[in-house]
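Notes follow once the structure below has been shown.
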Amino acid sequence: MVAVRNSLDFRIVTGHDPEPPTQGVHMTKRSRQLRVALYARVSTDKQSTENQLQELRHAAERLGWQVVDEFVDRGISGAKGRKDRPQLDALLKGVARKEFDVVGAWSVDRLGRSLIDLVNMLQELHATGVDLYLHQQGINTTTPAGRAIFGMMGVFAEFERALIQERIKAGLQRARKLGTKSGNAIGRPRASPDVEARIHELRATGLGMVKIAAQVGCGVSVVQRVLHDS
């Protein structure tokens with residue numbers, strides 16, 4: 001038997017071109033029909049999700065995707081988190097199990113009202129290799145342009161986090177200076193000067209905090225705070 005070392009030897013010996021190598025049994029996500037899970041939400045029970053789902057089904061058909069499941073939360077505000085939206089929670093559990101290739105929603109506000117929440121969800125999707133399609137915004141992260149938008153959204157989310165932190169700090173500083181809407185200063189009220197003086201006086205005699213609190217008639221936490229701040 002003649003050993004055939006390469007394709008040239010094969011043609012010389014047989015007079016035919018070699019058979020092309022067979023493809024592996026595993027196809028990539030891009031070479032097979034993508035599985036899409038649709039998500040819809042309405043804020044009241046009187047509203048219908050059918051219009052949202054109908055447009056998403058048409059979009060999936062146009063894009064050549066297979067709709068494998070639909071998740072609908074009814075009568076739930078977009079401000080609610082995942083734990084208060086059972087169908088969104090079920091969807092994300094399916095994402096973790098890689099049951100879908102794409103998650104489709106009619107609009108970004110169907111998923112959440114906060115940019116930070118949306119980006120966190122996107123990061124969860126991409127961590128498992130699942131893409132996102134938002135019909136109204138025309139965002140499709142299966143495309144290079146969609147992935148670029150995802151990257152930009154991450155930048156804006158960081159910006160929003162920074163703004164929230166700055167607003168919180170400014171609000172705390174204003175409340176410390178001017179007081180809260182109730183007219184009281186922010187935080188726990190301070191002990192009176194007489195109480196503070198008595199606490200320091202008893203502490204100087206060597207008494208413990210529990211005995212000082214009993215004699216002064218205040219809580220141990222008040223004694224701790226006075227001694228800590230002094």
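The values are calculated or read from the model by the stated rules, or taken from the named source; none is laboratory data. All values reported here derive from a predicted model rather than from experimental measurement. Positions of Cβ are backbone-derived with ideal geometry, glycine not excepted, and every protein chain shown enters the neighbour counts.
Here Gly112 fulfils each of the conditions (1) of a type outside the set (Ser, Thr, Tyr); (2) closer than 22 Å to Ala145 by Cβ; (3) surrounded by 14 or more Cβ atoms within 10 Å (Cβ to Cβ) apart from (2). When Leu132, Leu202, Leu118, Leu125 are checked against the criterion of being surrounded by 12 or more Cβ atoms within 10 Å (Cβ to Cβ), in the same structural domain as Ser77 (by TED's automatic domain parsing), modelled with pLDDT of 85 or more and assigned to a helix (DSSP H, G or I), Leu125 stands alone in meeting it. Checking each residue in region 56-86 for being within 18 Å of Leu134 (Cβ to Cβ) and in contact with a Lys or Arg (Cβ under 8 Å, 6 or more places away or on another chain) picks out Trp65, Val67, Val72, Asp73, Gly78, Arg85. Candidates Ala60, Ala96, Ala90: the one that is of a type in the set (Gly, Ala, Ser) and in contact (Cβ under 8 Å) with a residue 40 or more places away in the chain is Ala60. Residues that are touching a strand residue (DSSP E or B) at 6+ places or on another chain (Cβ under 9 Å), of a type in the set (Asp, Glu) and part of a helix (DSSP H, G or I) within region 39-83 comprise Glu50, Glu61, listed in sequence order. Arg113 falls short on exactly one of the conditions (1) at pLDDT below 80; (2) part of a strand (DSSP E or B), and that condition is (2).
A quick yes/no check of all residues on (1) closer than 19 Å to Met121 by Cβ; (2) modelled with pLDDT of 85 or more:
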| position | (1), (2) |
| --- | --- |
| Ile12 | no, no |
| His16 | no, no |
| Thr22 | no, no |
| Arg74 | no, yes |
| Arg82 | yes, no |
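Yes/no per residue for (1) surrounded by fewer than 12 Cβ atoms within 10 Å (Cβ to Cβ); (2) at positive phi; (3) modelled with pLDDT of 85 or more; (4) outside any loop (DSSP other than H, G, I, E, B):
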| position | (1), (2), (3), (4) |
| --- | --- |
| Gln137 | no, no, yes, no |
| Gly146 | no, no, no, yes |
| Gly151 | yes, no, no, yes |
| Gly154 | no, no, no, yes |
| Leu163 | yes, no, no, yes |
| Arg174 | no, no, no, yes |
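Let's see how each residue does on (1) of a type in the set (D, E, K, R); (2) over 15 Å from Leu38 (Cβ atoms); (3) touching a His at 6+ places or on another chain (Cβ under 9 Å):
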position: Arg57; (1), (2), (3): yes, no, no
position: Asp69; (1), (2), (3): yes, no, no
position: Ile76; (1), (2), (3): no, yes, no
position: Arg97; (1), (2), (3): yes, yes, no
